[in-house]
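> Input: one structure, supplied below.
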Amino acid sequence: MEWCHKHIFPKLEAITPLEALATFTEHIAEQISKIINENNIKNILITGGGAYNTFLIDKIKAKTDSEIIIPEKEIIEHKEALIFAFMGVLKMNNEINVLSSATGSTTDHCSGVIA
């Protein structure tokens, strides 16, 4: 954080808020596209609030040849509820619902409580 205060914040004070947002959006698009391209990912499903950020989506599209897929509004807005419902179904069936590759846990496991 000290590095940001010393090196980034002074630069931000010299530009407008719109320029700062554009700069950060460009950086985010560059980082996302870098990972997509390095891993040769062909299809990208974008959900969550970022799916509505057409400026960001356009920047990502310009930096990769991958197909960018934006799902229907219901999926974008309700994905967390859908994921937790699916995790609940897996728990009810005593199946793995937590992947170590996604969470950093030491093993894949079944987690949660059905009350």
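> Farthest toward the dipole's positive end in the range 1-42, which of A22, C4, I41, given Cβ charges of +1 (Lys, Arg) and -1 (Asp, Glu) about the Cα centre?
Ranked along the dipole, the leading option is I41.
> Additional query: At a 1.4 Å probe radius, carbon and sulfur cover how many percent of the accessible area of the chain?
Solvent-exposed carbon and sulfur of the chain make up 60 percent of the total.
> Ignoring ligands and nucleic acids, what accessible area does M92 show with a 1.4 Å probe (Å², nearest 10)?
Answer for M92: close to 140 Å² accessible.
> Accessible area per residue for the chain in Å², computed with a 1.4 Å probe and the full protein assembly in place, what is it?
Heavy-atom accessible area per residue stands at 76 Å².
> A follow-up question, please. Which three extents, in whole angstrom, do the alpha-carbon atoms of the chain cover along their principal axes, largest first?
56, 36, 28
> Anything in the chain that counts as a DSSP H helix reaching 27 Å or more along its axis (C-alpha) with Kyte-Doolittle mean of at least -0.5? List them, would you?
17-38, 73-92
> Moving to a separate point now. Would you please state which residues of the range 33-77 a label at S101 would reach in this model, taking the label point 7 Å out along Cα→Cβ and a backbone N cut-off of under 18 Å?
From the range 33-77, the list is 35-45.
> What are the lysines whose alpha-carbon lies under 30 Å from the alpha-carbon of K73, with same-chain residues fewer than 8 places away excluded?
K34, K42, K59, K61, K63, K91
> What does the charge count around F9 come to, taking other residues whose C-beta lies under 15 Å from its C-beta (Lys +1, Arg +1, Asp -1, Glu -1)?
Once all neighbours under 15 Å are counted, the net charge is -1.
> Under unit Cβ charges (Lys, Arg +1; Asp, Glu -1), what dipole magnitude, rounded to 20 debye, does the chain have relative to its Cα centre?
So the magnitude is around 100 debye.
> Based on the Cβ-Cβ distance from T54 to F86, what FRET efficiency comes out when R0 is 25 Å, to the nearest 0.05?
0.30
The values are calculated or read from the model by the stated rules, or taken from the named source; none is laboratory data. In this text, all values refer to a predicted model and were calculated from it rather than measured experimentally. Every residue, glycine as well, gets a Cβ built from its backbone with ideal geometry; the counts of neighbours run over all protein chains shown. Calculation scope for accessible area: heavy atoms of the full protein, side chains included, ligands and nucleic acids excluded. Shrake-Rupley method; radii C 1.70, N 1.55, O 1.52, S 1.80 Å.
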